[in-house]
Each structure stands twice: as structure tokens, then as C-alpha cells.
Amino acid sequence: QVQLVKSGGGLVQPGGSLRLSCAASGFTFSSYVMSWYRQAPGKERELVAAITRTGVSTNYADSVKGRFTISRDGAKNTVYLQMNSLKPEDTAVYYCNAQSATYGSYWGQGTQVTVSS
């Protein structure tokens with residue numbers, strides 16, 4: 001069974017940091033591009049960050065550049081999203097995604113991140 005299990009969501013104050021983790025199982029982790037998406041209330045889901053299969057290249061939404069860092073650990077089959085200098089507008093449900101041009105894609109369960117005093 002393919003699974004993408006998240007952890008690390010929660011409440012954090014503005015300017016604080018939070019780290020999201022997504023552990024993958026049931027597929028070859030190194031064969032997939034990993035990414036993080038988010039969806040705020042009343043808004044469409046947007047791509048936050050992505051990392052290539054080998055971790056050599058990354059891509060970020062303009063709104064999070066310089067504040068968020070995506071990384072992956074092949075030994076643990078896990079992708080991370082380190083979020084620093086958090087702002088209230090970062091509040092959203094965050095999702096991890098695994099995508100392969102050959103095998104399709106998988107979605108993890110959403111995790112709520114709330115940035116508030």
C-alpha cells in the first residue's frame with residue numbers, strides 16, 4: 001500500500017519556525033519528484049516547493065523563497081519542509097506529493113499549519 005504519512009503541523013507564532021515531514025512507503029522513493037502544496041481557506045491549492053529525484057535541484061513559490069527549504073533523505077524515504085520566518089499568510093493545509101512521469105502521482109493527507117499570535 002502506497003502511503004505518504006505527514007507529521008510536524010501545528011500552531012506557531014509569526015516569525016517562528018516549523019518543520020514538516022512526509023515519510024513515504026510502498027514505492028521507490030528515489031524515482032519520484034517530491035513536492036509540497038498548500039491550500040488556504042477560500043483559495044486554490046498552490047505549489048510551495050519541489051525537489052528533484054536526486055535532490056540536486058529545488059524550486060519554490062515566490063511567496064516562500066528565502067524562508068522555506070525543501071529537502072529529502074533517501075535513507076529514510078522522507079521529504080521535509082523547513083519553514084522559517086513564518087507569516088500569518090502561510091496559514092493553510094499543507095500536502096506532500098510524489099510524482100513520476102512513468103508511474104503517476106500520490107498525495108499525502110493534509111496537515112494544518114496555523115501562524116498566529
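The values are calculated or read from the model by the stated rules, or taken from the named source; none is laboratory data. This structure is a prediction, so every number in the text was calculated from the model and none was measured. For neighbour counting, all protein chains shown are included, and Cβ atoms are generated from backbone atoms with ideal geometry for every residue, glycine included. All accessible areas refer to the heavy atoms of the entire protein, side chains included, with ligands and DNA or RNA removed. Shrake-Rupley method; radii C 1.70, N 1.55, O 1.52, S 1.80 Å.
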field: Lys, Arg +1 and Asp, Glu -1 on Cβ, resulting dipole of the range 10-117 about Cα centre, debye, nearest 20
entry: 160 debye
Backbone HN-Hα couplings from phi across the range 11-16 [Karplus 6.51/-1.76/1.60, Hz, Gly and Pro as x]: 9, 9, 7, x, x, x
- prompt: Over the chain, what is the mean sequence separation of C-alpha contacts under 8 Å (at least six apart), divided by residue count, expressed as relative contact order in percent?
  reply: 35 percent
statement: Output row, site Q99, 7 Å Cα→C-beta label point, backbone N cut-off 16 Å, window the range 10-38, residues 31-38
query: Tell me which lysines have Cα within less than 25 Å of K43's Cα, excluding those fewer than 8 residues away on the same chain?
result: K6, K65, K87
- prompt: When the accessible area of the chain is computed with all protein chains present and a 1.4 Å probe, what percentage of it is carbon and sulfur?
  reply: 45 percent
message: Taking θ = phi - 60°, what integer Hz values does the Karplus form 6.51 cos²θ - 1.76 cosθ + 1.60 yield along the range 53-64, in sequence order, with x for Gly and Pro?
response: 4, 8, x, 6, 10, 10, 9, 9, 5, 4, 5, 10
query: How many Å² of accessible area per residue for the range 1-111, probe 1.4 Å?
result: 54 Å²
message: Given Cα positions, please report Rg to Rh for the chain, the hydrodynamic radius being the Kirkwood one.
response: 0.95
Label point distance in nm, Q13-S31, each placed 7 Å from Cα along Cα→Cβ: 4.7 nm
message: Could you compute how much accessible surface E89 exposes when probed at 1.4 Å, giving the result in Å² to the nearest 10?
response: 120 Å²
Extension gain (nm, one decimal) between V2 and S57, 0.36 nm per residue minus Cα-Cα: 17.3 nm
